[in-house]
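The values are calculated or read from the model by the stated rules, or taken from the named source; none is laboratory data. Here the structure is a predicted model, which means the values were calculated and not measured. All Cβ positions, glycine included, derive from the backbone under ideal geometry; neighbour counts span all protein chains shown.
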Amino acid sequence: MSTIDTRTPLIEISNLRKLFKLRGGARLHAVDGINLKIYPKETVGVVGESGCGKSTLGRSVIRLIEPTSGEILYNGRNIMKLGGGKLRELRKDLQIIFQDPYSSLDPRKSVIEVIAEYMFIHRQFKTRAETYNRASHLMDLVGLARRYANSYPHELDGGRRQRVGIARALSLNPKFIVCDEPVSALDVSIQAQILNLLMDLEEELGLTYMFITHDMSVVKHISNKIMVMYLGKCVEMATSDELFANPQHPYTKALLSAIPVADLSTRDKDFVTLRGEVSNPINVKPGCRFAKRCDYCTEACTSADPEAIEVAPDHFVSCVLMRQEVKAI
Amino acid sequence: MSETILDIKDLWVIYKTDLETVHAVNGIDLRIGKGKTLGLVGETGAGKTTTALSILRLLPSNTGRVLKGSIEFHGQDILGMNDGQIHAIRGEKIAMVFQDPMTSLNPVMTVGEQIAEAIMLHNEGIVTAEVDRRVDAMLGMVGIQASRKDEYPHQFSGGMKQRVVIAMALACEPELLIADEPTTALDVTIQAQVLTMIKDLRNRLGTSMLMITHNLGIVARTCDDVAVMYAGEIVESGTVEDLFLGSRHHPYTDGLFGSIPSLTSRAARLTPIPGLMPDPSALPKGCAFEARCAKRMDICLQRHPEKATEGTHCILCHLYGEKS
């Protein structure tokens, strides 16, 4: 999967930050200096636990949330400062599928109206008939029977609602889609249907995804490259196979071992349980964000932010331990 | 086989409203042995929680109704008990942990008071000092500092709240703990902490457990026996070995396993179950899974399947019944 790296990235994020100002002047560091390259037709998975900033990152990348600082290049063009008509034009290319199919659809619009809405906003077609025709085709594409066209979201189950959300995201022929936990609210059998659909669409339409999830097995299944986030920072990034075969950061290791696998051979193994819980990202001090819960924490961990070290081709780990290992060699 | 603690036989539960009758549980049999954990697996709407609520007699009184069947706890029929008798069991002998720790705690009572309430309710005349001691002990057991007992639920994180709920449930040292998706609302690392804790406590106190979950990984990790529920029926049951290592399965169980992305191998595509669960207010006459089943036969549409049993392993499917 690393052969495609010679091309220009579709999305290139450098040192992206999003700070939220809180009452009393405190700052919440939701996304804290993220660098990421996403190549065309690649699926980059972003994993982490609740509150690690993965959704904020996803929204910042497509400027649904205004990032505080940093740079976002789309096809080599900086989109941080775009406004007005140019930003609206950009929105067609960059779309998002939300986690909760229950709250992300307007309850007073029928399925076909929801799907057609973006096309009306962007005046994609001259006539209503053409727009609705395209919307019907989108329903076919995502596997929604046309008889649901005039149903309202509350009449559909979670899986079908998520299909509506996907059809809507596809309506403007986007190049890049942020999938923000698109299957978390669904039952396993429905989850598998939606994952298959997303992978088919990627293939058919040449889409590029940023896939945000907390589910490690889902992210492994769908991604080429995975970024593990912890409190606004990227702690480890590698290709999907490499990350699972050869995790390096103590947090990634703990995260992987914490997954209950549907396999009896793991039954008597103990989880590598982490102490404590994710601390809060308010007014963070320099140093590794994971230090408090880490068994290998030393003084070096709390003095400065650990830099990303390339431990293998395209495998980056932000951990002091890696530095010493490299030095030792 | 160990001594039976809970024995459910041919339980049927409906929810009846003016508009429709929902057939939530349709003739299930379940048995939990002393010190054992039974995993009840299924998707949303399969009837897992309804089963749990029936055991505690907590079905909504205006709509929920047990049509027939029996639930015996230590040989006593729970369904025939009067209010006084069930009060003596609920919370004390059988306790429940609900899915969402955020909504199962009282926001205007400190966590210490809430645990104390459970202890006082079931131990009449207990002295305050003893209650305090036990509250501290319970909090210690679930890994929360006793000094935090004067705090309110909102001051705790999700994982901590679930620990408090578990401490409350275990405060009276129940013989049976019903855990309804106890870790679904939690992050994986916190889930691992809570599961490890539940397992330790169970080993220490010898509590039997009904673990309701949709996660087969959790079943593999924590359960001794498993029952797979679909549209109000147990379609497959047996020991964890029967389910995870056995060669014959209900097509629905196969579908569930095929839907989980694997961590160890890379499959290009998942093999999900097509379609949706049937509407529980209009269940088909034959097999409830027929419409989604890849192995359906003519008979599936016409006749309801019967249980095919092989040792501890039961499968409700025409594929395996009446082989002779």
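Any chance region A:295-314 includes a residue that's within 14 Å of chain B (Cβ to nearest Cβ) and touching a residue at least 60 places away in the same chain (Cβ under 8 Å)? The answer is no; no qualifying residue exists.
Pairs meeting the criteria (first residue in region A:265-285 and more than 10 Å from chain B (Cβ to nearest Cβ) and modelled with pLDDT of 75 or more, second residue surrounded by fewer than 17 Cβ atoms within 10 Å (Cβ to Cβ) and assigned to a loop (DSSP other than H, G, I, E, B), beta carbons under 6 Å, at least 6 apart or on different chains) are A:I282/A:A26; A:N283/A:A26. Can A:G232 be described as more than 8 Å from chain B (Cβ to nearest Cβ), free of Cβ contacts under 8 Å to residues at least 60 places away in the same chain and touching a helix residue (DSSP H, G or I) at 6+ places or on another chain (Cβ under 9 Å)? In short, no. Take the conditions (1) under 18 Å from B:V41 (Cα atoms); (2) surrounded by fewer than 22 Cβ atoms within 10 Å (Cβ to Cβ); B:L210 misses just one of them, which is (2).
Residue-wise test of (1) within 26 Å of the chain's Cα centre (by Cα); (2) surrounded by fewer than 20 Cβ atoms within 10 Å (Cβ to Cβ); (3) within 14 Å of chain A (Cβ to nearest Cβ).
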site: B:S104; (1), (2), (3): yes, yes, no
site: B:P107; (1), (2), (3): yes, yes, no
site: B:E113; (1), (2), (3): no, yes, no
site: B:H122; (1), (2), (3): yes, yes, no
site: B:I126; (1), (2), (3): no, yes, no
site: B:M138; (1), (2), (3): yes, no, no
site: B:Q145; (1), (2), (3): no, yes, yes
site: B:G158; (1), (2), (3): yes, yes, yes
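The one condition from (1) among the aliphatic types (A, V, I, L, M); (2) buried (at least 21 other Cβ atoms within 10 Å of the Cβ); (3) touching a Lys or Arg at 6+ places or on another chain (Cβ under 8 Å) that A:V183 does not meet is (3). Among the conditions (1) modelled with pLDDT of 95 or more; (2) touching a Leu at 6+ places or on another chain (Cβ under 8 Å); (3) within 26 Å of A:S184 (Cα to Cα), the only one that A:M119 does not satisfy is (3). With respect to the conditions (1) out of contact with any helix residue (DSSP H, G or I) (no Cβ under 8 Å at 6 or more places or on another chain); (2) facing chain A (nearest Cβ under 8 Å), B:R202 falls short on a single one, namely (2). Annotation: of all residues in region B:264-307 being within 14 Å of another protein chain (Cβ to nearest Cβ) and not in a loop (DSSP other than H, G, I, E, B), the one that is farthest from the chain's Cα centre (by Cα) is B:A291. So which pairs qualify, if the first residue must be in region A:182-196 and farther than 17 Å from B:H214 by Cα and more than 9 Å from chain B (Cβ to nearest Cβ), the second must be β-branched (V, I, T) and outside any helix (DSSP H, G or I), the Cβ gap must be under 7 Å, and the two must be at least 6 apart or on different chains? Short answer, once both residue conditions are applied: A:P182/A:I97.
For (1) in a loop (DSSP other than H, G, I, E, B); (2) over 16 Å from the mean Cα position of the chain (by Cα); (3) surrounded by 14 or more Cβ atoms within 10 Å (Cβ to Cβ), each residue gets a yes or a no:
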{"residue": "B:I8", "(1), (2), (3)": "no, no, yes"}
{"residue": "B:Y15", "(1), (2), (3)": "no, yes, yes"}
{"residue": "B:A24", "(1), (2), (3)": "no, no, yes"}
{"residue": "B:G45", "(1), (2), (3)": "yes, no, yes"}
{"residue": "B:T51", "(1), (2), (3)": "no, no, yes"}
{"residue": "B:S54", "(1), (2), (3)": "no, no, yes"}
{"residue": "B:N62", "(1), (2), (3)": "yes, yes, no"}
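Restricting region A:34-59 to residues that are hydroxyl-bearing (S, T, Y) and out of contact with any Leu (no Cβ under 7 Å at 6 or more places or on another chain) leaves a set whose member that is nearest to A:L231 (Cα to Cα) is A:S50. Can you confirm whether region B:221-236 contains a residue that is within 10 Å of chain A (Cβ to nearest Cβ) and either β-branched (V, I, T) or within 30 Å of A:L201 (Cα to Cα) (or both)? So far as region B:221-236 goes, yes, one or more of its residues are within 10 Å of chain A (Cβ to nearest Cβ) and either β-branched (V, I, T) or within 30 Å of A:L201 (Cα to Cα) (or both).
Considering region B:165-199, the residues that are more than 9 Å from chain A (Cβ to nearest Cβ) and of a type in the set (G, A, S) include one that is nearest to the chain's Cα centre (by Cα), namely B:A179. B:I115 passes every criterion in (1) in contact with a helix residue (DSSP H, G or I) (Cβ under 8 Å, 6 or more places away or on another chain); (2) touching a residue at least 40 places away in the same chain (Cβ under 8 Å); (3) assigned to a loop (DSSP other than H, G, I, E, B); (4) among the aliphatic types (A, V, I, L, M) apart from (3). Kindly establish whether A:E130 is over 19 Å from A:K92 (Cα atoms) and loosely packed, with under 14 Cβ neighbours inside 10 Å. Taking the combined requirement at face value, the residue does not satisfy it.
Taken together, the criteria exclude A:R323 from residues that are surrounded by fewer than 18 Cβ atoms within 10 Å (Cβ to Cβ), within 12 Å of chain B (Cβ to nearest Cβ) and not aromatic (F, W, Y). Can you pull out every residue in region B:192-206 that is surrounded by 22 or more Cβ atoms within 10 Å (Cβ to Cβ) and either touching a residue at least 24 places away in the same chain (Cβ under 8 Å) or among the charged types (D, E, K, R) (or both)? The answer is B:Q193, B:V194, B:L195, B:I198.
Here A:I121 clears all of (1) free of Cβ contacts under 8 Å to residues at least 12 places away in the same chain; (2) under 19 Å from the mean Cα position of the chain (by Cα) except the condition numbered (2).
Is it the case that B:D254 is within 13 Å of chain A (Cβ to nearest Cβ), of a type in the set (D, E) and under 19 Å from the mean Cα position of the chain (by Cα)? For B:D254, the condition - within 13 Å of chain A (Cβ to nearest Cβ), of a type in the set (D, E) and under 19 Å from the mean Cα position of the chain (by Cα) - is not met.
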